[in-house]
Amino acid sequence: MRILVTWVGHTDLRALAACSDDEKTREQVVDAVGRLQPLPEGVGPVHSLLNAESFDRVIVLSNYAEPITRRFLTWLPIEAECRILPLDAPTDYGAIFRAADAELGRLAEELRGTEYELAIHLSPGTPAMAAVWVLLGKTRYPASFYQSYKDDVWLTEIPFDLTVDVVPELLRGADSNLQHLAAVPPAEVPGFERIAGDSQAIRLAVGRARKAAMRDVPVLLLGESGTGKEMFAQAIHGSSHRREKPFVVVNCAALPQALLESELFGHEKNAFTGANRQYRGAFERADGGTLFLDEIGECTLDLQAKLLRVLQPPDGGPPCVRDLRRVGSEEDLCVDVRVIAATNRDLITKIPEGSFREDLFYRLAVITIRLPALRERKSDIAAIAESLLASINADFAQSEPGYQDKTISVNANAFMLSQGWPGNVRQLYNCLLQAAVMSGGHELTGVDLKSAVAEMPSLEQATRNVLERPLGDDFSIEAHLADVQRHFLKRAMREARGVKVEAARLLGLKNYQTLDAQLKRLQVDWESD
């Protein structure tokens with residue numbers, strides 16, 4: 001099937017008027033384009049192309065009023081479809097792009113699974129319209145291009161490929177300027193204003209994220225727990241062309257793996273016990289926008305395989321088109337979703353172990369952004385603390401009339417710089433929150449923060465306490481090791497939400513029977529507290 005898509009331009013309507021004896025038609029053309037003189041030679045670009053070439057379907061886009069557009073279509077030598085697309089200015093590249101992209105997108109969706117050849121007519125309309133046609137026809141919607149002048153028609157070869165010849169070269173140039181981009185603080189980067197700090201490490205991360213936001217490709221955020229991966233994902237979405245569409249978050253570690261598939265892909269009514277209604281999964285809810293998959297490293301191999309199939313765009317389709325199927329359904333759904341994933345695990349080391357698929361890793365890690373730990377950007381701690389405390393003050397002021405804002409003293413800043421913050425920004429926030437609650441003054445001191453840190457559970461401190469427990473007296477290494485085992489067994493069962501297969505995997509045990517035996521032997525009641 002050969003399909004032609006074209007704008008209708010001034011010259012086309014003037015040609016219509018020149019060939020028409022109907023005074024009303026001529027008046028409509030004058031209203032649309034102004035004076036008719038000098039009259040063009042021939043029958044105009046669109047009519048000329050249709051006289052010279054054969055198409056199975058013709059779609060005419062028009063920025064003119066419907067009556068004159070319909071009159072123009074009846075004058076053409078073959079039947080054509082009409083799309084009225086009002087534009088405030090026919091030279092507005094953004095408006096033209098959105099209108100043309102939407103029409104070609106609808107056409108591609110309508111013809112999914114059908115073999116067709118798309119042709120675009122460059123001659124009618126404004127130079128801005130022709131430029132947008134070239135951009136779309138050489139990237140998202142591969143097409144052949146026609147031009148016409150008077151009665152001459154020819155197929156135009158565009159001697160370059162934007163995605164192969166032009167874009168990589170542009171990106172190489174952009175990459176060479178990365179240090180220049182890193183010179184811009186996050187507060188001055190649109191969409192990233194909420195990210196506090198001015199260190200080179202955070203500037204570089206924001207610079208990469210800003211560039212990634214402009215490209216409709218998957219992004220993998222790497223960093224320790226508490227470094228702000230979800231905030232970065234929101235910023236990437238907010239500074240992309242998808243900003244007006246949904247941003248959906250799924251924490252892959254927060255749900256039992258048996259339910260995670262349903263959460264991602266949805267399910268039909270009665271698909272399994274408890275499925276009392278149809279449920280739209282995260283991919284469906286994020287259609288047109290961005291899906292953030294946090295803790296992607298916690299997915300089982302079975303779910304990884306299903307994710308890989310969904311993340312593979314259909315042949316010839318745009319990079320964010322996803323075909324998926326709800327649990328219990330026999331029909332495929334098509335959505336347009338950009339995926340941003342995040343993990344605090346080293347996925348590269350998990351690949352040789354067989355716990356993470358290599359093909360899925362490279363599908364997710366088209367662009368990787370490493371978020372620095374707080375200890376790697378200590379110069380940012382004061383600014384981050386000020387931002388966090390401002391948020392805490394605002395929350396307290398809203399719920400407590402007469403509340404007076406807390407401030408941070410010089411010695412409190414010194415104390416924060418002396419800490420390693422293994423929990424990163426999340427731990428710093430909790431420390432400030434606890435200090436703000438417990439402090440009797442309006443200024444948080446180093447003593448306030450030190451007391452808050454001392455009261456907070458710390459893995460680093462817990463490890464040191466375990467290793468430095470005094471020997472002798474009633475010390476028993478068997479009892480001590482049993483306590484350590486109980487601790488990790490409880491922790492694994494809680495993180496796995498009681499699913500023993502998952503808890504066994506977290507602990508590195510070969511099967512859940514071994515875990516079950518240890519739970520019984522050590523009398524672990526993980527649900528009691």
Among 360, 308, 347, 333, which is under 24 Å from residue 142 (Cα atoms), aliphatic (A, V, I, L, M) and touching a helix residue (DSSP H, G or I) at 6+ places or on another chain (Cβ under 9 Å)? 333
At pLDDT 90 or above, outside any helix (DSSP H, G or I) and either of a type in the set (S, T, N, Q) or not assigned by TED's automatic domain parsing to the domain that holds residue 387 (or both) - does that describe any residue in region 443-453? yes
Among the residues of region 26-42, are any at positive phi and either touching a residue at least 12 places away in the same chain (Cβ under 8 Å) or surrounded by fewer than 16 Cβ atoms within 10 Å (Cβ to Cβ) (or both)? yes
For residues in region 499-521 being at pLDDT 85 or above and part of a loop (DSSP other than H, G, I, E, B), which is surrounded by the most Cβ atoms within 10 Å (Cβ to Cβ)? 509
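Just to be sure, is residue 330 among the acidic types (Asp, Glu), in the same structural domain as residue 226 (by TED's automatic domain parsing) and on the phi > 0 side of the Ramachandran plot?
In short, no.
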Determine which single condition residue 102 fails, assuming it passes every other condition in (1) hydrophobic (A, V, I, L, M, F, W, C); (2) buried (at least 17 other Cβ atoms within 10 Å of the Cβ); (3) under 31 Å from the mean Cα position of the chain (by Cα). (2)
Failed item, numbered, when residue 114 is tested on (1) buried (at least 19 other Cβ atoms within 10 Å of the Cβ); (2) touching a residue at least 40 places away in the same chain (Cβ under 8 Å): (1)
Options 370, 426, 375: the member that is within 30 Å of residue 340 (Cα to Cα), surrounded by fewer than 20 Cβ atoms within 10 Å (Cβ to Cβ) and in contact with a Phe, Trp or Tyr (Cβ under 7 Å, 6 or more places away or on another chain): 375
Among (1) among the small types (Gly, Ala, Ser); (2) within 15 Å of residue 125 (Cβ to Cβ); (3) touching a Pro at 6+ places or on another chain (Cβ under 9 Å), there is one condition residue 32 misses while meeting the rest; what is its number? (3)
With the condition kept exactly as written, say whether any residue in region 343-351 is assigned to a loop (DSSP other than H, G, I, E, B), touching a Ser or Thr at 6+ places or on another chain (Cβ under 6 Å) and in contact (Cβ under 8 Å) with a residue 40 or more places away in the chain. yes
Considering region 135-162, residues that are in contact with a strand residue (DSSP E or B) (Cβ under 7 Å, 6 or more places away or on another chain) and of a type in the set (A, V, I, L, M, F, W, C), and then whichever is nearest to residue 321 (Cα to Cα), we arrive at 143
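The values are calculated or read from the model by the stated rules, or taken from the named source; none is laboratory data. Everything numeric in this text was worked out from a predicted model, so none of it was measured. FYI the Cβ positions are ideal-geometry reconstructions off the backbone, even for glycines, and counts take in every protein chain you see.
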